[in-house]
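Colleague: Pasting a structure here, questions to come.
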Amino acid sequence: MLALVATPLLPAQYPGRIRTSPPPASTLRAIAVLEWTGPSGKPTASRLIPITLSDGDRLHDASLYLSQPIPLALRSGVEYELQSSGQPIGLYDLTTASHNQLGDFPSWLGFGLWKPLPTPAAPDTTAAVTVTGLREDEPVLLRKHPKTGNSAHTGSAPGNSAPGNSTPGGSGPIDPDRPTLRHITPQPAATASSSTASSAAPLRETGLNPPDPDRPRLTYGKPKDLPALAPPLHGHPPAMHRLVAVSDANSALPHPWAYAWPSPFDQANARRALQSLALAALEPQPNPAKPAPLAPPIHLAHSTFRSFQLEYGAAPTLVFTASTSDATTGPQRFITLIAQPDLYGNPLILKRVLTDSAHLDETPRLRLIDAVDPTGSNRASLLFELLGDHQRRFALFSLLNGSLQQTFTTVPIP
């Protein structure tokens, strides 16, 4: 296995034509998985795995899309929104990337900084209110005092300024067709205080004169307000957490994917029904030609149950995963059930994956990550991690015409 090769994040190389008219709205949307250790918001180590990139027409593998020199989804300054069942809980800003060559495809990883969501600005309640020309006993509705701005006297209306035709460095025209993802919002620069301005000539610092407080100096060390980057995450530690990450230049309202149960009683019944089906599937199959002694009862370990509503008005989609707790009598077995309730509330199995630790390369086990909208169409898919012995993949499963289909699979990841 080759070692990870750190690669600096260089500007994108997109061979497009130069335009002077405003570009159309961006349709790029990238999906990734953030893996980290430590507490949420302040990880001790983290990494971002690119999954898909939608260009409005089809899904691409995000680790291969415009990957010269670095995939578009992992370039410096790209910002991802961390989500839990569609609800935003934080931001992840990319700073560096590295790759590991596995066969014909490079396996890319991104590294950066976990940031909290921006605090919404407080509404302005200081607008002046005036009411004139009315009797004292006449009821009125308060109205905002009209602002006396100068926008009506300027040469152009707000928002109609022509787009710039040069790069920030002045090296030439920019390409408006160059695909971009959501980037970090630049912070406004601090303005200098007028009270510190001085018209007097600067005083030369000597052993007899006091130091000039306005003289610029070089400082060493890390600024106090600079957030610390978590070190890169390597390997697969047991206490590793995962979240879906979405980068989209088009802002949209959050769409929660978690199903809201009518009552906790209904949720508990659905879990018990899927657990019973999982236990029945894990029971050893009897062999009539060779009677076997009575097998001990099966105990499930690491069982999880989650429910989603993958589109508006849809029936809940139920996901149950578990493994056997005792592997002394044979290979450890893993099961994943994906179902929807029928008219009577009984689970109708849409997909069942049953494998064991001796056949993971043939049939990988499925580990649920979350529900995510890969195209921005307000229809979610289930994102799973497919775990083998020596490699893993990520796959999307979507409900199409009443059946669950595997609609996308990434290249192998070591």
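Colleague: If you take every residue apart from PHE397 with its C-beta less than 15 Å away from the C-beta of PHE397, what net charge results, scoring Lys and Arg +1 and Asp and Glu -1?
Modeller: +3
Colleague: Which distance in nm do the two modelled labels at HIS241 and ASN378 give, with both placed 7 Å along the Cα-to-Cβ direction?
Modeller: Placing both labels 7 Å along Cα→Cβ, they lie 3.1 nm apart.
Colleague: Residue farthest toward the positive end of the dipole of the stretch 27-98, with Cβ of Lys/Arg at +1 and Asp/Glu at -1: which of SER54, LEU94, THR27?
Modeller: It is LEU94.
Colleague: Ignoring ligands, DNA and RNA, please state the percent of accessible area on the stretch 302-414 from carbon and sulfur, probe 1.4 Å.
Modeller: 47 percent
Colleague: Sticking with this structure for a sec: For the stretch 392-404, just list the computed ³J(HN,Hα) in residue order, Karplus coefficients 6.51, -1.76 and 1.60, θ = phi - 60°, integers in Hz, with x standing in for Gly and Pro.
Modeller: Each residue's phi maps through the Karplus curve to give 9, 9, 10, 9, 9, 10, 10, 7, 10, 6, x, 10, 9 Hz.
Colleague: Taking the mean number of other Cβ atoms within 10 Å as a proxy for protection, how do you rank 260-273, 52-65, 239-252 from highest to lowest?
Modeller: Ranking the peptides 260-273, 52-65, 239-252 by packing returns 52-65, 239-252, 260-273.
Colleague: Over the stretch 299-414, average the accessible area per residue using a 1.4 Å probe and give it in Å², no decimals.
Modeller: Values: 5470 Å² over 116 residues.
Heavy-atom SASA per residue in the stretch 299-414 reads 47 Å².
Colleague: State, to one decimal in nm, how far the label point of ASP57 lies from the label point of ALA280, with both points 7 Å from Cα in the Cβ direction.
Modeller: My value for the distance between the label points is 4.7 nm.
Colleague: Still on this model: Amide H to amide H, which residues 5 or more places from PHE408 or on other chains are under 5 Å from it, using H placed in the peptide plane?
Modeller: LEU396
Colleague: A further question follows. For the residue pair LEU117 and LYS42, what label-to-label distance in nm results when each label sits 7 Å from Cα along the Cα-to-beta-carbon direction?
Modeller: Result: 2.1 nm between the two label points.
Colleague: Now for a different question. Once amide H atoms are placed 1.01 Å from N in the peptide plane, what residues at a sequence separation of 5 or more from VAL33, or on another chain, have their amide H within under 5 Å of its amide H?
Modeller: ILE49, ILE51, ALA245
Colleague: Which net charge results when you count Lys and Arg as +1 and Asp and Glu as -1 among the other residues whose beta-carbon is under 14 Å from that of SER40?
Modeller: Result for the local shell: +2.
Colleague: Report the accessible area of GLU81, computed with a 1.4 Å probe over the heavy atoms of all protein chains in place, in Å² rounded to the nearest 10.
Modeller: Taking all protein chains as shown, GLU81 has close to 40 Å².
Colleague: With a Förster radius of 45 Å, plug the Cβ-Cβ distance of ALA314 and ALA289 into 1/(1 + (r/R0)^6) and report the FRET value to the nearest 0.05.
Modeller: Numbers: r = 47 Å, r/R0 = 1.03.
Using R0 = 45 Å, I get an efficiency of 0.45.
Colleague: A further question follows. Just to check I understand the Karplus step: with θ = phi - 60° and J = 6.51 cos²θ - 1.76 cosθ + 1.60, what whole-Hz values come out for the stretch 301-318, glycine and proline as x?
Modeller: Residue by residue, the stretch 301-318 yields 10, 6, 7, 10, 9, 9, 9, 9, 10, 6, 7, 4, x, 7, 5, x, 9, 9 Hz.
Colleague: Can you list residues from other chains, or at least 5 along the same chain, whose modelled amide H is less than 5 Å from the amide H of ASP370?
Modeller: Those qualifying (amide H under 5 Å, at least 5 residues apart or on another chain) are LEU383.
The values are calculated or read from the model by the stated rules, or taken from the named source; none is laboratory data. Given the structure is predicted, the values throughout are model-derived calculations rather than measurements. Methodologically, a virtual Cβ is constructed for each residue, glycine included, from the backbone with ideal geometry; neighbour enumeration extends over all protein chains shown. Note: areas computed on protein heavy atoms with side chains; ligands, DNA, RNA excluded. Shrake-Rupley method; radii C 1.70, N 1.55, O 1.52, S 1.80 Å.
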